[in-house]
Amino acid sequence: MQILKPIRQRFRQALEQLLDDPALVESSLERIVPSRDPTLADYQANIAMPLQKVLGKPPLQIAQSVVDKLDLSDICQSVSIAGAGYINLRLSPSWLADQLQLAHADDRLGVTQVEAPKTIIIDYSSPNVAKPMHVGHIRSTVIGAAIAQVLRFLGHKVITDNHLGDWGTQFGMIIYGYKNFCDPEAYKKHPVAELSRLYRKVQAISGYQEALGQNSKLEQAIEFAKKRVEQVQTKLAAAPADKKIAKELAAAERQVATAIEELQGNHKKIEEAQKDAVLMAESKAHPAIYERVLAETAALHHGDVANLKLWSEFLPNCRQEIDTIYRRLNVHFDHWYGESFYHEMLGAVVEDLFAKNLAVQSDGALCVFLDGFDSPMIVRKQDGAYLYATTDIATAMFREREFSPDVCLYVVDHRQSDHFKKLFAVLEKIGLGHTDFRHISFGTVMGTDGKPFKTRSGSTVGLESMLDEAVARAMEVVCNPERLTGVGIQMDQPEREQIAQTVGLGAIKYADLAHNRTSDYVFDMDKMVRLEGNTSAYIQYSYARIRSILRKAEEKGHEPSEWSEASLNLTEPSEMALALHLVRFEEMLHQSMQEYTPNLITEYLYELAKLFSSFYDQCSVLSASNATEVRSRLKLSSVVAKTLKVGLELLGIGVVERM
Ligand code: ARG
């Protein structure tokens, strides 16, 4: 259901009588927007001022002639001119009631499908398998899934693709680990657990060896920084009053301090590792382990039969592990074209770029040079290896052939923003500029300690227990016997568990979505599952509360069949405010997809729940003064419940009938 569209349509008819230039009509229509001050108007058109020069008349006069030609009598109860020529619109209660009637009668709440659907690919979740999935991948999964659902709901053709990292160095790690450290019994019993153990072991050895190698580099850095201090000191001695040199000295001294700190940190890491005798023995037996890992990876990439066999044996196990998380989050993908899928294509892609002179030789590597970037994008390394970026180029080309997308969204952590900037420039250069490529970047999930959030075991198992914990907290907060007795609800254990699942998992998703996508946010389980504030539990509670009102009404003889047919009378200000917010649902969905910011949806739902709460405080529903009023308010409440439900479901969050 649209508000702006019919209003703009009427304005168009009026403006076309005044303006010859269609472009001017269009740009004027853009200036009709929801009012920022609801006490003045519901919508406001700031058309007259910008037309002053074109028409050579004072804005007030222009506004008046627009209003004279405007027929909004069915939509608005008042159209008035204010200030220097603003046109203020107040929607009419009966028109609002008609719109709500439409929403009430339709599963889609009257939301129309876009006239020109786009083909939109969403690349999201995309974890590196064989390596523990982390909380950032959950955020990508939750945000990507929500965007996909909303765009589909609006009528676009959405294709989701989980671009799994299933071909990188992490496989070299587990292949090396398997060949050297595998416990066959453990592997037989629980392959996933054994593979993660192997990954962590190889990682630990390689981390230790890297730290050892770092020592001399860090020592050199300190020497270098100290020399710099001496130089600046000499300079300062010659010009003691020079503030700039004094500042330079302070900066150089800070650099020494930082380098010393880094070296100390490194020593500590080494000392820690050296306490582990097994690790020391293994490190000794496997010197330069990272090079060996790279060699295993290269062998895999060059078609080594043994490594390929291991890879295809490991992959389903790794998939199974992440599938558990997807199942719990109820997330699905249309495709799983992982990195490995593109491997065979990379050679031809790079050759083609080279043949077209788009990629050129530089220091033995093949590179695409780009205007406006300090460094080129390397597509083939000196040693012949391809890179993450090469796969991304091949992926975009494949998607173009297969789906011809209008838009392609990559829902990936902000730390990859340089990669995507460069990638999009390359894609433009190689002739894919007609697709709107977007990096849907998001901030880091932080712990309450101010550091990037880590699950206790830092593994998928850790992620699962994080989900379990949210469910357990939800159980405590929502289903504790004291609270339930307080609100007069009796429920058995299965119902409690079901509610805790819906509320707990909803809390995690909602927190990921409600925070402005681009900023970091603090993962605070206590806050997430609260029943007050901008949380999913609050919205779910509002839904359940309305459902309970409707049930009570039925007990008192107000059958849904009766109030469903009743007409809506919006008389009280709180009813009007609620109605106005409800009819904006579609407009808000479009707005949230302009920059792909699902937090606009959570804000809308939070506001709706609050507006319902004030309506319920101010207007009696079941004990309203007459039956017509009772029915109208029951119907209004039911549209609120439906909107909350549809809204939450678009975000991948469920509702419960009571809580
Ligand atoms: N596997 C990557 C990671 O975990 C994310 C991949 C994102 N998608 C892409 N087409 N590059 O960091």
Somewhere in the range 265-277, is a residue of a type in the set (S, T, N, Q), closer than 30 Å to Val229 by Cα and at pLDDT below 95?
yes
Checking Ser561 against (1) hydroxyl-bearing (Ser, Thr, Tyr); (2) over 24 Å from Phe453 (Cβ atoms); (3) crowded, with 20+ Cβ neighbours inside 10 Å, which test does it fail?
(3)
Could you give every pair whose Cβ atoms fall below 6 Å, whose first residue belongs to the range 120-145 and is over 20 Å from Gln594 (Cβ atoms) and in a strand (DSSP E or B), and whose second residue is within 9 Å of the ligand (Cβ to nearest atom) and among the small types (Gly, Ala, Ser), counting only separations of at least 6 or pairs across chains?
Asn128/Gly165
Taking the range 183-203 and the residues there that are in a helix (DSSP H, G or I) and among the acidic types (Asp, Glu), the one that is modelled with the lowest pLDDT would be Glu194
So Phe11 clears everything in (1) under 37 Å from the mean Cα position of the chain (by Cα); (2) under 30 Å from Arg631 (Cα atoms) except one condition, right? Which one?
(2)
Looking at (1) buried (at least 19 other Cβ atoms within 10 Å of the Cβ); (2) over 29 Å from the mean Cα position of the chain (by Cα); (3) within 16 Å of the ligand (Cβ to nearest atom), find the lone condition where Tyr342 falls short.
(2)
The one condition in (1) closer than 30 Å to Arg401 by Cα; (2) within 16 Å of the ligand (Cβ to nearest atom) that His134 fails to fulfil:
(1)
Please list, ordered by first then second residue, the pairs with beta carbon atoms under 8 Å, 6 or more apart or interchain, first in the range 410-424 and at negative phi, second outside any helix (DSSP H, G or I) and within 7 Å of the ligand (Cβ to nearest atom).
Tyr410/Asp123; Val411/Asp123; Val412/Asp123; Val412/Ser126; Phe420/Tyr410; Phe420/Val412
What helices (runs of 4 or more DSSP H) lie completely within the range 204-306 and have 3 or more residues being touching a residue at least 12 places away in the same chain (Cβ under 8 Å) and not small (Gly, Ala, Ser)?
243-274, 289-301
Residue within the range 432-447 that is at pLDDT 95 or above, surrounded by fewer than 22 Cβ atoms within 10 Å (Cβ to Cβ) and of a type in the set (Asp, Glu) present:
yes
Please find, within the range 401-431, the residue that is surrounded by the fewest Cβ atoms within 10 Å (Cβ to Cβ) out of those that are part of a helix (DSSP H, G or I) and more than 14 Å from the ligand (Cβ to nearest atom).
Arg401
State which residue is farthest from His414 (Cα to Cα) when the search covers only the range 81-131 and only residues that are away from the ligand (no atom under 16 Å from the Cβ) and among the polar types (S, T, N, Q).
Ser94
Name every residue in the range 527-550 that is free of Cβ contacts under 8 Å to residues at least 40 places away in the same chain, surrounded by fewer than 21 Cβ atoms within 10 Å (Cβ to Cβ) and closer than 13 Å to Ala511 by Cα, in order of residue number.
Lys527, Gly533
Is it the case that Asp334 is away from the ligand (no atom under 13 Å from the Cβ), farther than 30 Å from Ala470 by Cβ, at pLDDT 95 or above and touching a Ser or Thr at 6+ places or on another chain (Cβ under 9 Å)?
no
Look through Tyr342, Tyr337 and report the one residue that is in contact with a strand residue (DSSP E or B) (Cβ under 7 Å, 6 or more places away or on another chain) and closer than 24 Å to Ala394 by Cα.
Tyr337
On the basis of being farther than 21 Å from Leu650 by Cβ and at pLDDT 95 or above, does Ala500 make the cut?
yes
Taking the range 53-81, which residues are part of a helix (DSSP H, G or I) and in contact with a Pro (Cβ under 8 Å, 6 or more places away or on another chain)?
none
By residue number, the members of the range 432-443 that are of a type in the set (Val, Ile, Thr) and within 13 Å of the ligand (Cβ to nearest atom) are Ile440
Evaluation of Met466 against (1) at pLDDT below 95; (2) within 20 Å of the chain's Cα centre (by Cα); (3) within 16 Å of the ligand (Cβ to nearest atom) (one fails), failing number:
(3)
Tell me, which residue of the range 384-400 that is without any contact (Cβ under 8 Å) to a residue 40 or more places away in the chain and surrounded by fewer than 21 Cβ atoms within 10 Å (Cβ to Cβ) is nearest to the ligand (Cβ to nearest atom)?
Ala389
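For every residue, the table says whether it meets (1) aliphatic (A, V, I, L, M); (2) part of a helix (DSSP H, G or I); (3) in contact with a helix residue (DSSP H, G or I) (Cβ under 7 Å, 6 or more places away or on another chain).
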site	(1), (2), (3)
His439	no, no, yes
Gly450	no, no, no
Lys454	no, no, no
Ala470	yes, yes, yes
Arg473	no, yes, yes
Glu482	no, yes, no
Ile489	yes, no, no
Glu497	no, yes, no
Leu505	yes, yes, yes
From the list Ile147, Ile175, exactly one residue is within 16 Å of the ligand (Cβ to nearest atom), crowded, with 24+ Cβ neighbours inside 10 Å and modelled with pLDDT of 95 or more. Which is it?
Ile147
Check Ser312 against each of (1) closer than 28 Å to Lys201 by Cα; (2) in contact with a helix residue (DSSP H, G or I) (Cβ under 8 Å, 6 or more places away or on another chain); (3) hydroxyl-bearing (Ser, Thr, Tyr) and name the one condition it does not meet.
(2)
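The values are calculated or read from the model by the stated rules, or taken from the named source; none is laboratory data. Remember, it's a predicted structure, so these values are computed and weren't measured experimentally. Positions of Cβ are generated from backbone atoms using ideal geometry, with glycine treated the same way; all protein chains shown enter the neighbour counts.
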